[in-house]
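See structure below.
We did not get these values from a lab; they are worked out from the coordinates using the rules stated. Being a predicted model, the structure only gives us computed values, none of them experimental. Every residue, glycine among them, receives a Cβ derived from its backbone with ideal geometry; neighbour counts consider all protein chains shown.
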């Protein structure tokens, strides 16, 4: 039997999650925050497969009810953020039925395409990890999802971290040119959030605001200024209160090529080391981007790769 979410299902979904997606276990607190308390959550979009009162499959479909910025609801787009079927029930068409129902739910909201799983703000992973979940990747391909791009997750050990002397010299040079680097001040927060929204994306501005509201110390945010105007920022501990999680991080495109990103990166790593944090990691960048090259040149290593997938919801594909 297939039905939408009911109170109490969260227990069975979490239990199933930790069996099937065992490389990325979850607990009740994370499920509550990232699913049930998501402003865009609709119980009708969380579909479960039930066998004798036991949940053996689940999928979450999302469309926006609350815009990230302004009034843009991205009404042509929906997202699937997770799906799973218990091992003993695979290859019985359950996964296909769950995807069909999830896509129909998204289509009924007026969307024309569905992504797995680049949903902001409450994604669990950027996309499908082909190495860890090869059957899941093959399943999405079978369901006519196509790969859009492949972000990577990176990590850097900080146990032996030292602020590079050449970066320190570069910092002094930029300061002589009118730039400054330091921890954000309360009076900067509005300008910083607007900077993140305008120059990057609204999810970054949201991450800053919500991170502080949820207890992140503003001293965990480093900013670069030029003549008192913010031109770059970096932070740690902003997502889910995880101290080791680095980012978001960015520099005004008009100021790139001056090493500001490198300075901000090391200012942040130094701040993390001062807090006895032994490693820095993040989930999402492109290895071939300027940021990806910067990370790789400064001690970060790729430890996971994901595929963001998309399916067009045309009438023909739904029939």
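Before moving on, here are some points about what is shown:
- Distance between the 7 Å Cα→Cβ label points at residue 169 and residue 149: 3.5 nm.
- Beta bridge orientation in the chain: antiparallel %, DSSP, nearest 5: 90
- Here the peptides 292-299, 307-314 are ranked by packing, the mean other Cβ count within 10 Å, and the order with the highest first is 307-314, 292-299.
- P(r) of the chain over all Cα-Cα pairs, binned every 10 Å from zero, in whole percent: 5, 24, 31, 22, 13, 4, 0, 0
- Based on C-alpha pairs under 8 angstrom that are at least 6 apart in sequence, the chain has a relative contact order of 20 percent.
- Among 15, 267, 253, the largest mean-square fluctuation in a Gaussian network model of the chain, built with springs joining Cα atoms closer than 10 Å, belongs to 253.
- Helix 260-274 and the long axis of the chain differ in direction by around 80°, with both axes built from C-alpha atoms.
- Taking the chain as a Gaussian network of alpha-carbon nodes connected by springs under 10 Å, the highest mean-square fluctuation of the residues 306, 31, 115 belongs to 31.
- Debye equation applied to the C-alpha atoms of the stretch 160-277, log10 I(q)/I(0) at 0.19, 0.20, 0.21, 0.23 Å⁻¹: -0.99, -1.09, -1.20, -1.40
- Rounded to 10°, Cα long-axis angle of helix 94-108 versus longest principal axis of the chain: 70
- Ordering of 37-50, 61-74 by packing is 37-50, 61-74, highest average first (other Cβ atoms within 10 Å, averaged per residue).
- The C-alpha atoms of the chain define a longest principal axis, and helix 189-199 lies at about 70 degrees to it.
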